[in-house]
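The structure under discussion appears below in the form of structure tokens.
The values are calculated or read from the model by the stated rules, or taken from the named source; none is laboratory data. Only a predicted model underlies this, so the values are computations on that prediction, with no experimental measurement involved. Neighbour counts are summed over all protein chains in view; Cβ atoms, including those assigned to glycine, are modelled from backbone coordinates with ideal geometry.
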Amino acid sequence: MRNRGGTLIGAAAILGSIIIFIIPFAFILITALKDKQQASLRDFSWPTSFHFWSNLVEVVKARDYMLITALVNSTILTVASVTLLVVLGAMVGFVMQRRPSVWTGVANFLVLAGLIMPPAVVPTIWTLQGLGLFKTLHGMILIEVAYGLAFSVLLFRAFVSTIPREIDEAAIIDGAGPLDLFFRIILPLLKPVIITVIVVQSVAIFNDFTNPLYYLPGKQNVTVQLTLYNFQSMFDTSYNLLFMNILIITIPPLIVFLFFNRQIVVGMTAGAVKG
Amino acid sequence: MTSLAASPAIGADRVRRRAVRTVYPNWFYLPAAVIYAVLFLFPTVASLFFSLTRWTLSEATFIGLDNFRQFFREPFLIQGLVNTLIYAVVTSGLKVVLGLLLGVLLTSEIIARDYLRSVVFFPVLVSTVGVGITFTVLMHPTGGLINQSLAAIGIEGPGWLTDPRFALLSVALVDVWKGVGLATVIYIAGIVSIPRDYYEAALIDGAGALQRFWNVTLPLARPATVTVVILSLIGGLRSFDLIWSMTRGGPGFTSDVIASVIYKQYQAGFYGLSTAGNVVLFVLVALMVVPLSAVLNRREVAR
Amino acid sequence: MTAHRMRLAALSAGAGLALAAMVSGPALAEEVTLSLLIDNGPQTVAAAEKVVEAFMAANPDIKVDIETRPGGGDGDNIVKTRLSTGEIGDVFLYNSGSLFQQINPQKYMVDLTAEPWQADIQPSFQNVVTAGGKVYGAPFQTAMGGGVLYNKKLYADLGLQVPKTWAEFMANNEKIKAAGKVPVIQTFKDTWTSQLFVLGDFFNVQAAVPTFAEDYTANKAKFATTPAALKGFEHQADVFKAGYLNKDFGAATFDDGLRMLASGEGAHYPMLTFALGAIQTANPDAVKDIGFFALPGDDAAKNGLTAWMPPGIYISNESEHVDAAKKLVAFIASKEACDLQTAAVGATGPYLVKSCALPADVPPMVSDLQAYFDKQGGAAPALEFVSPVKGPSLEQITVEVGSGIRSPAEGAALYDEDVKKQAQQLGLPGW
């Protein structure tokens, strides 16, 4: 395939990708540069005047630098909950796959329930209040962990099954205890699926909109998705600022992506050879 | 791999039995179980009680199964059910087909492969609400970029989100746009892991590109397919954010899915009713996903 | 009724003075921080920020944190969730009328019946924030009319008269269409804007069937079976069928609607008059071109305005700083606060605080609106202010009727069904 055919198909794919994927982003970008009047027309036209800096400043300064607080909060929330999700999810997935018992059945059912069942908001708030965790970032982190566990466990369990038991046995013969085995031997082997979990979950949590709306009220507790409400109300929308805001909150995932870009595909594929 | 596992069978068996007890301790479940039980399981079970009550948040009156009767009488429920199924099937179907094709394309030797992989995956990272807002604007029936482009080549585009016939499918397409990157990556992983020998054997047998795809890639990428189907089916059945930010179930009730019907009940203050709706949704999704996941598990055991 | 109200107000004023004297004894020694939860409409935010700023300047020992929430149904959701979990904060803004009744005021709010400033509040507003005989709120912003905003310049150019009957309205529409303009602007992307034909027609309903509100609350009258009440749904379908709507009615937003109206691209926009605030921000030059008339009915002699009350400011009874909160609410209910709101967002309609006055030169929309209020029997409150029953799905139903997806009769029947659940939830007798 390394020939003219490949080049041709590649060229067609590039063209398609520009139309399907690049233009929507270009639209976000140019709208973010416009003034309010022009942006409110919501067309794909070149900005008549450029307001990148003033829009940026206005978005950042809006409501007492809410966006900065939000970025900090969302970053802490994402990093902490994803770390917990990886470690705790891997532990469960590991034991579930390796040691069939009554608990496996129970866990299987709970994983399924967790994937499917929509959470019950009000009783959850009562629980958080009872624990003194309502309106705290800690509480929010634990909520995201609780809601994301099912998915992580599902992925980890499936992946653990591709790691030959012989590896465990060799380690056991060498005298490794459960913690040694798990943290020093299994966890590194899970790298591909860990990367998958990190990517999928951090995107989900960073972009989570409804859960912080319920469980994390308060001016000091805003998360990035809530900042979108600053410029979009029932009655009036400043599209230039709204799109500038979308642009800004897309930057952190973009950085993560650029950082992990190669690892995402390479990492996911590396371990799969054994499958 | 098979021969390796078979030969030291007796010794391994003994080690295995000891191992199961000591190196796979049940307490590994514990930290996750505590968080899950306290913050998800307990509130959910508590809410089941409220599905049997008329609940105003400050007080709950026991009314038996009335909420369930009422929920099934909801004029929009049947439509919501049908829409949910259409949405889930369309999105997961398209993600499988497009993800597989893109996976094949992006594992072949084409120019700009890294760029294409990145660009296909990037929408996965963008906020759902942001994507919803952007595409709502792009799909505007007269001023939107899509229809203006179509008009430039002489086609009058439909009201993507305002015509009851298209609204749900338009949202589904955006869902695919946003989610196909993940499906593609899963497929890339699956395709890359297929040993080269199979393709070489197929080449020797004189198989063409299409036959190689059909007889080698497709069957051997099956684990990837199962993962994509299960994930996108669950996502599709529960889908809410995107539909809500793009159409709010509209125009009227025409793109309502079960999740948005439930949300509207909650919003209107019918808490008992909306909890009953959650139970119904759970049963529905379980009915569809459990058999599928059983198939998946059986295959795992067979291997 | 009015006499009774007056006596109540006078009584409460007396009691309030005595109470205030007692309360103000021990001064608020240390600084307290109050939270104020409002919706994120730019007019609300601008007005509230201005008022709060002045309040903090006058009360250096009280700090007020404004927190915003989305408006509409999402906002209802947040307010209800926060109330039930005790997290509403100190002071909050929420609708008056039936939505106020739905959040169980007796359980969650501080009784403000005895506050001295109540004497200065219009009884018509006190009525819509009263539950179980107690008054719980103070008005924020102004009364509104629900009817038709129209482009006066277009009317002058085409030589049209303000219609007094539905037939005249449709005749005007025909001429506007012939002139190549959009007769009726509809903006169904913001679904709430679709309800005006039905809700704004209530003056005409009660003119034809004076007992409708009462019977409706008691489950004796229905929209589908009361011809006068069905009219609103029919009118909505009429303008669609006649092809009077803007082409992108399904995707247009409230913003778009105002822009079309201001630019003269469209002639009529059925809307609440509070839209003036948004016009003033986006198209200040167009304000002089926009007028207002009430939705016309069948009888020109009985034409009048369906009026909306502004939202109320309430104090949560979980607040730990009720005294400070009362100070804030008292300030919001003062003439000074009205003037600050006028300065922030302009005059949009009559205030519900008696001592408040509008500036002399108000925009034409406001004087058109004021004319209805000034005329004896020229205005009546909307249904949601005289009955606690309001179904949650009306906006979706009116979108369907207004887009030809559902017939008016079916739409009305569906709404009657929708209302039933809500009445049962409230535990009203007869349902």
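Restricting attention to segment C:334-345, the residues that are farther than 15 Å from C:Ala143 by Cβ, at pLDDT below 90 and touching a helix residue (DSSP H, G or I) at 6+ places or on another chain (Cβ under 6 Å) add up to 1.
How many residues are under 30 Å from C:Asn77 (Cβ atoms) and touching a residue at least 24 places away in the same chain (Cβ under 8 Å) if we restrict to segment A:90-132? Matching residues across segment A:90-132 total 11. Is it true that some residue in segment A:180-198 is surrounded by 20 or more Cβ atoms within 10 Å (Cβ to Cβ), at the interface with chain B (Cβ under 9 Å from one of its Cβ atoms), among the aliphatic types (A, V, I, L, M) and not in a helix (DSSP H, G or I)? No, segment A:180-198 contains no residue that is surrounded by 20 or more Cβ atoms within 10 Å (Cβ to Cβ), at the interface with chain B (Cβ under 9 Å from one of its Cβ atoms), among the aliphatic types (A, V, I, L, M) and not in a helix (DSSP H, G or I). Of the residues examined, B:Gly277 is not one that is touching a Lys or Arg at 6+ places or on another chain (Cβ under 8 Å), within 30 Å of C:Gly250 (Cβ to Cβ), within 14 Å of chain C (Cβ to nearest Cβ) and in contact (Cβ under 8 Å) with a residue 24 or more places away in the chain. The selection criterion, being under 22 Å from B:Val34 (Cα atoms) and not charged (D, E, K, R), holds for A:Thr104. Just one residue in the set A:Ala146, A:Ala113 is assigned to a helix (DSSP H, G or I) and either buried (at least 23 other Cβ atoms within 10 Å of the Cβ) or charged (D, E, K, R) (or both); that residue is A:Ala146. I'd like the residue in segment C:231-253 that is outside any loop (DSSP other than H, G, I, E, B) and touching a Phe, Trp or Tyr at 6+ places or on another chain (Cβ under 6 Å) and, out of all such residues, is nearest to the other protein chains (Cβ to nearest Cβ). The extreme case among them is C:Gln236. Among the residues of segment B:94-115, the one identified as modelled with pLDDT of 90 or more and within 7 Å of chain A (Cβ to nearest Cβ) is B:Leu105.
Reported count of residues in segment A:41-59, each being within 14 Å of chain B (Cβ to nearest Cβ), part of a loop (DSSP other than H, G, I, E, B) and touching a residue at least 40 places away in the same chain (Cβ under 8 Å), is 1.
Rundown of residues vs (1) closer than 23 Å to C:Gly146 by Cβ; (2) modelled with pLDDT under 90; (3) of a type in the set (A, V, I, L, M, F, W, C), yes/no style:
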{"position": "C:Pro388", "(1), (2), (3)": "yes, yes, no"}
{"position": "C:Ile405", "(1), (2), (3)": "no, no, yes"}
{"position": "C:Pro408", "(1), (2), (3)": "yes, no, no"}
{"position": "C:Ala412", "(1), (2), (3)": "yes, no, yes"}
{"position": "C:Glu417", "(1), (2), (3)": "no, yes, no"}
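Please go through segment C:244-261 and pick out each residue that is hydrophobic (A, V, I, L, M, F, W, C), within 22 Å of the chain's Cα centre (by Cα) and closer than 18 Å to C:Lys288 by Cα. Answer for segment C:244-261, where residues must be hydrophobic (A, V, I, L, M, F, W, C), within 22 Å of the chain's Cα centre (by Cα) and closer than 18 Å to C:Lys288 by Cα: C:Leu258, C:Leu261. Taking each residue of segment A:149-174 that is facing chain B (nearest Cβ under 8 Å) and looking for partners that are part of a loop (DSSP other than H, G, I, E, B) with beta-carbon atoms closer than 6 Å, six or more apart or interchain, yields A:Ile172/B:Val23. Kindly establish whether C:Gln396 is within 14 Å of chain B (Cβ to nearest Cβ), in contact with a strand residue (DSSP E or B) (Cβ under 7 Å, 6 or more places away or on another chain) and either closer than 30 Å to B:Thr254 by Cβ or not basic (Lys, Arg) (or both). In short, no. For segment A:157-194, a residue qualifies if it is under 17 Å from the mean Cα position of the chain (by Cα) and within 23 Å of B:Ile35 (Cβ to Cβ), and the qualifying residues are A:Val193, A:Ile194. Counting only helices (runs of 4 or more DSSP H) that sit completely within segment C:1-86, those holding 3 or more residues that are modelled with pLDDT under 80 correspond to C:2-23, C:72-84. Being at pLDDT 95 or above and surrounded by 23 or more Cβ atoms within 10 Å (Cβ to Cβ) holds for only one residue in C:Phe233, C:Phe240, and it is C:Phe233. Across segment C:76-102, the qualifying residues are those that are farther than 19 Å from A:Pro217 by Cα and at the interface with chain B (Cβ under 10 Å from one of its Cβ atoms), and the one among them that is surrounded by the most Cβ atoms within 10 Å (Cβ to Cβ) is C:Gln102. Residue count for segment A:31-51 under the criterion of being at pLDDT 85 or above, of a type in the set (Phe, Trp, Tyr) and surrounded by 15 or more Cβ atoms within 10 Å (Cβ to Cβ): the result is 0. You will find that of A:Arg98, A:Arg63, the residue that is more than 9 Å from chain B (Cβ to nearest Cβ) and either out of contact with any Leu (no Cβ under 9 Å at 6 or more places or on another chain) or of a type in the set (A, V, I, L, M) (or both) is A:Arg63 and no other. Against the test of being of a type outside the set (Lys, Arg) and closer than 18 Å to C:Ile397 by Cβ, the options C:Gly250, C:Gly266 yield a single qualifying residue, C:Gly250.
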